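A short write-up of the structure that comes next.
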Amino acid sequence: MNDRYPGEEPRIADFHCDVLSKLLADPRLDPIDSANNPGPVTLDATLDRQRAGGYMLQAYAIYLTESKHKTMDAVLRSADLFEQKIASHPGYAKVRGRRDLERALQEGKIAALLTLEGADALQGDWALLRTAFALGVRVLGLTWNYANWAADGVLEPRQGGLTAKGRELVDAARDLGLLLDVSHLTDAGFWELVERTERPLIASHSNSRRICPHPRNLTDDQLRALIAMDGRIGLTYVPYFITDRGQAAASDLLPHIEHICSLGGEDQLMLGSDFDGIEQHPAGLRHAGEAGQLRQEVERAYGAAFAEKLLGGNAIRFLRQNLPE
Ligand SMILES: [Zn+2]
């Protein structure tokens, strides 16, 4: 084991956290050492906790809250916080492409991937889209929960799909090499996107709607479509996306895993915790340092080979195949 890793052996890849959103609200928070965040607001996905949990990759979403204007200025400030507070730390390596990813894994650093949750701030302007890509954004979710210029989010009452401009966005993203994320999109938008894209899609943080009937979760047909295109499905720890029976525990993710595997998704499942985007946590998954408990649950239930794929192998394989050089 690498001595830079005092905790678990590195094998966890997490495709969604909202550390940057908390940093934008309070830049005094420390994403490196959790001891420097005495509260009341703390961070779940700090470097010390990721190391204790055995992380090899963390995706950092730029998420702008509904209460503030979703401007490009706020995107730039979030990207700057990512550079200053995370990517520049020797414990991390920023991933813009496959080469960076391999180097990070070899050097035992945590690969840090920048994503954008909601296209709002890009305003349908391809210069802004290219700027986001130039800053290192490699995955774009079209919406958060409501409508924007590109598409309707899952809580928008009219439940529309993509706009004309949103359809153009799909092509512009393909030309850039930017991957698209369907979490938060309406069902109509999901299917239009599937129709329109030749590249595999990601649902970075969504569970099975059959197991937990929440509109943020995916139907069996949606799961089958993602599996057929060799896309990815990131299991999320949001308690009310795990179970509608109140308090959730890490073991309550197992029925989602089993169901998605029954649809053929053994090689497409990954993790998308939503740490730092959630107010309540499942028991046994309160922060990144507890990822080892999930690993134990999955290993006990399905064996070490599948655990390796679910916890990180599937995510890394996807990035190897779909990131730019
Ligand atoms: Zn989200």
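Which pairs have Cβ atoms under 7 Å, sit 6 or more apart or on different chains, and link a residue in the stretch 157-170 that is at positive phi to one that is of a type outside the set (Phe, Trp, Tyr)?
What qualifies is Gln159/Asp152; Gln159/Thr186; Gln159/Ala188.
Output the strands (runs of 3 or more DSSP E) that fall wholly within the stretch 1-112 and possess 2 or more residues being free of Cβ contacts under 8 Å to residues at least 60 places away in the same chain, away from the ligand (no atom under 16 Å from the Cβ) and touching a helix residue (DSSP H, G or I) at 6+ places or on another chain (Cβ under 6 Å), or say none. Write out each step before concluding.
Working: elements: 12-14, 55-62, 92-94.
Per the criteria, 92-94.
Tell me whether the stretch 34-42 contains one or more residues that are at pLDDT 95 or above and surrounded by 24 or more Cβ atoms within 10 Å (Cβ to Cβ). Walk me through it before giving the result.
From the stretch 34-42, those at pLDDT 95 or above are 34-37, 42; that's our starting set.
From what's left, surrounded by 24 or more Cβ atoms within 10 Å (Cβ to Cβ): none.
No: zero hits.
Can Leu155 be described as farther than 12 Å from Ala172 by Cα, over 19 Å from the mean Cα position of the chain (by Cα), within 13 Å of the ligand (Cβ to nearest atom) and modelled with pLDDT of 95 or more?
On the way: farther than 12 Å from Ala172 by Cα: yes; over 19 Å from the mean Cα position of the chain (by Cα): yes; within 13 Å of the ligand (Cβ to nearest atom): yes; modelled with pLDDT of 95 or more: yes.
Yes: the conditions hold for Leu155.
Which of the helices (runs of 4 or more DSSP H) found entirely inside the stretch 266-325 contain at least 2 residues meeting this: touching a Gly at 6+ places or on another chain (Cβ under 7 Å) and within 23 Å of Arg49 (Cα to Cα)? Can you show your working first?
Numbers: elements: 291-302, 304-308, 314-322.
Result: 291-302.
Being surrounded by fewer than 24 Cβ atoms within 10 Å (Cβ to Cβ) and within 15 Å of the ligand (Cβ to nearest atom) is the filter here, so list the residues in the stretch 140-152 that pass it. Break it down into steps so the answer makes sense when it comes.
To start, the set of residues in the stretch 140-152 that are surrounded by fewer than 24 Cβ atoms within 10 Å (Cβ to Cβ) comprises 144-149.
Once the filter is applied, which keeps residues that are surrounded by fewer than 24 Cβ atoms within 10 Å (Cβ to Cβ) and within 15 Å of the ligand (Cβ to nearest atom), the stretch 140-152 yields Trp144, Asn145, Tyr146, Asn148.
Inspect all residues belonging to the stretch 242-249 and state whether any of them is in a helix (DSSP H, G or I) and surrounded by 17 or more Cβ atoms within 10 Å (Cβ to Cβ).
Step one: of the stretch 242-249, the residues in a helix (DSSP H, G or I) are 242.
Retained after the next criterion (residues that are surrounded by 17 or more Cβ atoms within 10 Å (Cβ to Cβ)): 242.
Yes, the stretch 242-249 contains a residue that is in a helix (DSSP H, G or I) and surrounded by 17 or more Cβ atoms within 10 Å (Cβ to Cβ).
Taking the criterion of being polar (S, T, N, Q), under 30 Å from Leu176 (Cα atoms) and either within 15 Å of the chain's Cα centre (by Cα) or away from the ligand (no atom under 16 Å from the Cβ) (or both), would at least one residue in the stretch 281-301 satisfy it? Outline the logic, then answer.
Initial filter on the stretch 281-301 (polar (S, T, N, Q)): 293, 296.
With the extra rule that they be under 30 Å from Leu176 (Cα atoms), the set shrinks to none.
No.
Name, by its number, the condition in (1) more than 24 Å from Asp244 (Cβ to Cβ); (2) basic (Lys, Arg); (3) not in a helix (DSSP H, G or I) that does not hold for Arg130.
Against the list (1) more than 24 Å from Asp244 (Cβ to Cβ); (2) basic (Lys, Arg); (3) not in a helix (DSSP H, G or I), Arg130 comes up short only on (3).
Quick check on Ile202: is it within 16 Å of the ligand (Cβ to nearest atom), β-branched (Val, Ile, Thr) and on the phi < 0 side of the Ramachandran plot?
On the way: within 16 Å of the ligand (Cβ to nearest atom): yes; β-branched (Val, Ile, Thr): yes; on the phi < 0 side of the Ramachandran plot: yes.
So Ile202 fits the description; yes.
Applying the selection to the stretch 158-201, what residues are in a loop (DSSP other than H, G, I, E, B), of a type outside the set (Ser, Thr, Tyr) and within 23 Å of Leu269 (Cα to Cα)? Let's see the steps before the verdict.
Within the stretch 158-201, the subset in a loop (DSSP other than H, G, I, E, B) is 158-161, 163, 177-178, 182-184, 186, 197-201.
Cutting the leftovers down to of a type outside the set (Ser, Thr, Tyr) gives us 158-161, 177-178, 182, 184, 198-201.
Passing the criteria: Gly177, Leu178, Val182, His184, Glu198, Arg199, Pro200, Leu201.
Any idea which of Asp18, Asp14, Asp26 is modelled with pLDDT of 95 or more, charged (D, E, K, R) and exposed (fewer than 12 other Cβ atoms within 10 Å of the Cβ)? Steps first, answer last, please.
On the way: Asp18 fails: exposed (fewer than 12 other Cβ atoms within 10 Å of the Cβ); Asp14 fails: exposed (fewer than 12 other Cβ atoms within 10 Å of the Cβ).
Residue meeting the stated conditions: Asp26.
The values are calculated or read from the model by the stated rules, or taken from the named source; none is laboratory data. Everything quoted here is computed from the prediction, not taken from an experiment. All Cβ positions, even for glycine, are placed from backbone atoms using ideal geometry, and neighbour counts span all protein chains on display.
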